[in-house]
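Report on one structure; see the data block that follows.
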Amino acid sequence: MDNNNLEKVLRILEEELIPAEGCTEPIAIAYAASKLRNILGNVPEKIDIYLSGNIVKNVKSVKIPNSNGMVGIEASVAMGTILGEHERELMVIAHVDTNRLPEVKKYLDENRIHVHLNDGDVKLYIRIEGTCGNDTAMVEIQNYHTNITRIYKNGVELKGCLCDDCSCDDVMTERTFLTVDLIYNLAKTIDLSLVEPLLKKVIDYNSAIANEGLKNYYGLSIGKLMQEGIKEGVYGNDLRNNMISFASAGSDARMNGCSLPVMTTSGSGNQGMTCSLPIIKFCELKNLSYEQLLRGLFFSHLTTIHIKSNIGRLSAYCGAICASGGVSGALAFLSGLSVEQVGYAIETTLGTMSGVICDGAKSSCATKIASGISAAFDGYYAASKNRKFEFGEGIVGKNVEATIKNVGTLGQVGMKITDDVILDIMIKNK
């Protein structure tokens, strides 16, 4: 690989593998609200927030960390407004003083926050407007969770306001050069010192929340229940079930208010956990070296980013399935399979699971992760026997890159009306 592409890969990982406490959509709202308070110079007397449908969908049912179980858009706004530290970005409410939660509840009870569905095609969109006395302010986020695109105070646009804290007019590194072949070869050869500090955080953060999910009940607790089932003989005590249990336990905890941070991928903690935790458990149970673990995590994360980049940040296509494709390829990579077999594994996983919908962030994310990792393991094992779906079977293309492109078309175009229908159902659900 030429140095230019290597530098791009390292930038992509720095952009995508970032810590967040709590589901990234409510946290992005809290971040915007905290920033609004900072620009306004005081707690707003009134707030109007305009959100894309995908943001609404992903905030409606997920518990907010450090909030004593609060759920929803208004609670996310109030937490960020009263207690948030905007400098911490996606860790904006990670270190709040929980003794001040009555202030948050009082602010909510005063009905100061008004939520609106934004008209527009941007899938990830947040615009928050506030007033305090004669002062007004507005903060806008588009396309990814910390990308502040506009800030206004009293009708005046603040260009470059606190440049270290916002990324006005910023764009992420382009990813069109990524291929499974490139990722495979780079995973074999990259100087691990370039990525080890970042991947060490992935191991530490994501393992900690998975272990928490195995210890205590969160939501449905599918990860913990699987471990109980293994002990009872209901589930087999095998490699696949232990990988599934470990990964889904992390999502159980995170979707149900656990205050531990995770390392996200493609703007999603669930994707970050999906493409890392099964690899961590696989390497542990197979007694693979730390170097192999790092190379496997590198492959899994970058492949997940490659697949998800074809779909977009938010979609009706479940992001955990993109990550499951990354997992399947990484398992094949770690098992010494050829690049062709790695492609088979990814294609089989995507060809099996691409119908899974995203109907918002909540407890069922963990069960979808469980299903995705199960399919990933099957895809990997089938590839080890040189078995795969054939070209033309459904969405499977001529090769892995064609299949990934087809998945992108499915997620962006085919599921657009699905997204609208899901949102309509969720809004009207009584």
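The values are calculated or read from the model by the stated rules, or taken from the named source; none is laboratory data. What you see is a predicted model; the values in this text were computed from it and never measured. Please note: Cβ atoms are built from the backbone with ideal geometry, for glycine as well, and neighbour counts cover all protein chains shown. Accessible surface is based on the protein model in full, side chains and every heavy atom, while ligands, DNA and RNA are left aside. Shrake-Rupley method; radii C 1.70, N 1.55, O 1.52, S 1.80 Å.
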- Item | Members of the range 41-72 that are hydrophobic (A, V, I, L, M, F, W, C), at pLDDT 95 or above and either under 16 Å from the mean Cα position of the chain (by Cα) or open to solvent by 10 Å² or more (accessible area, probe 1.4 Å) (or both) | Val43
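Each row is one residue, and each column tells you yes or no for (1) within 14 Å of Thr367 (Cα to Cα); (2) over 23 Å from the mean Cα position of the chain (by Cα); (3) open to solvent by 30 Å² or more (accessible area, probe 1.4 Å).
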position	(1), (2), (3)
Leu198	no, no, no
Val202	no, no, no
Asn206	no, no, no
Tyr217	no, no, yes
Ser221	yes, no, no
Glu228	no, yes, yes
Lys231	no, yes, yes
Tyr235	no, yes, yes
- Item | Qualifying residue in the range 171-178 (condition: outside any helix (DSSP H, G or I), open to solvent by less than 20 Å² (accessible area, probe 1.4 Å) and modelled with pLDDT of 95 or more) | yes
- Any residue in the range 109-116 that is crowded, with 21+ Cβ neighbours inside 10 Å, under 26 Å from Gly53 (Cα atoms) and at pLDDT below 95? no
- Message: Just to be sure I understand the filter: pairs with C-beta atoms under 9 Å, separated by 6 or more residues or on different chains, first member in the range 110-124 and at positive phi and of a type outside the set (S, T, N, Q), second member open to solvent by less than 70 Å² (accessible area, probe 1.4 Å) and part of a loop (DSSP other than H, G, I, E, B). Which pairs pass?
- Response: Gly120/Ser52
- Checklist (1) among the small types (Gly, Ala, Ser); (2) open to solvent by 10 Å² or more (accessible area, probe 1.4 Å); (3) modelled with pLDDT under 95 applied to Ser266, failing item: (2)
- Could you list, in sequence order, the residues of the range 377-405 that are of a type outside the set (Lys, Arg), part of a loop (DSSP other than H, G, I, E, B) and either open to solvent by less than 50 Å² (accessible area, probe 1.4 Å) or in contact (Cβ under 8 Å) with a residue 12 or more places away in the chain (or both)? Asn386, Phe389, Glu393, Gly394, Ile395, Val396, Gly397, Asn399
- How many residues of the range 88-108 are open to solvent by 30 Å² or more (accessible area, probe 1.4 Å) and closer than 30 Å to Asp419 by Cβ? The answer is 3
